[in-house]
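Undergrad: Following this message is one structure expressed as structure tokens.
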């Protein structure tokens, strides 16, 4: 340390949130630096703000019968426009330690990237569950990138908020429905308007034929 005599020394450190972090439970964020000067040991503790993260749970179901759907794939985004970023969960600090598919037991921290193709995937299990934890409190979006076989891929993502109790409260479970291929369009969408218009034209044509088509020439 002779090189730094009579100089101000600033120490930086990186905190990683490992698999043992519990959503909504604050984690202490501190560092202790101990050094020896002229035979006298000195310590200094740096108290940074506590770190707290949360989580969110989803349920993927068949829009026709509410049965659980397995195999739907999603990514998580935050921001919009030029600030849009995709969540990439890491098992370590090396660039190769990326989770292609989310695993909460080994995920240690999150990078927010601009490349959609390398974002970490979330896949619904056999009970239709999708879960994520370790996110800072804030606003995000769950975007479906692959629908289960036989179902239509939604065109819009699902906005969600991570806050206190969004991980633990049962009323915070968000259900996401998939429409089966060939199913009727959802109420209120543009598809249902065309469907009803076509039906109206068919019925109108039938009424006109009934009124005029059965006339017998004089």
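No value in this document is a laboratory result; all are computed from the given coordinates. Computed from a predicted model, the values in this text were never measured in an experiment. Here the Cβ is made from the backbone with ideal geometry for all residues, glycine too, and neighbour counts use every protein chain on show.
Undergrad: Spin-label point model (7 Å from Cα, Cβ direction): what's the residue 152 to residue 174 distance in nm?
TA: It is 2.1 nm.
Undergrad: Order by neighbour count: 173, 3, fewest other Cβ atoms within 10 Å first, most last. If you can, show how the numbers build up before the last one.
TA: Working: 173 12, 3 5.
By the 10 Å Cβ count, ascending, the order reads 3, 173.
Undergrad: Quick one: 170, 77, 106, fewest Cβ neighbours within 10 Å first, how do they rank? Please report the intermediate quantities before stating the final value.
TA: Values: 170 7, 77 19, 106 14.
By the 10 Å Cβ count, ascending, the order reads 170, 106, 77.
Undergrad: Here is a follow-up. Hey, fewest Cβ within 10 Å first, where do 132, 32, 162 land in order?
TA: Working: 132 26, 32 8, 162 23.
Ranked by crowding around the Cβ, least crowded first: 32, 162, 132.
Undergrad: I would also like to ask the following. Across 5 Å bins from the origin, how do the percents of Cα pairs in segment 52-180 run, short distances first?
TA: Over segment 52-180, the share of Cα pairs per 5 Å bin runs 2, 11, 21, 23, 21, 14, 6, 1, 0 percent.
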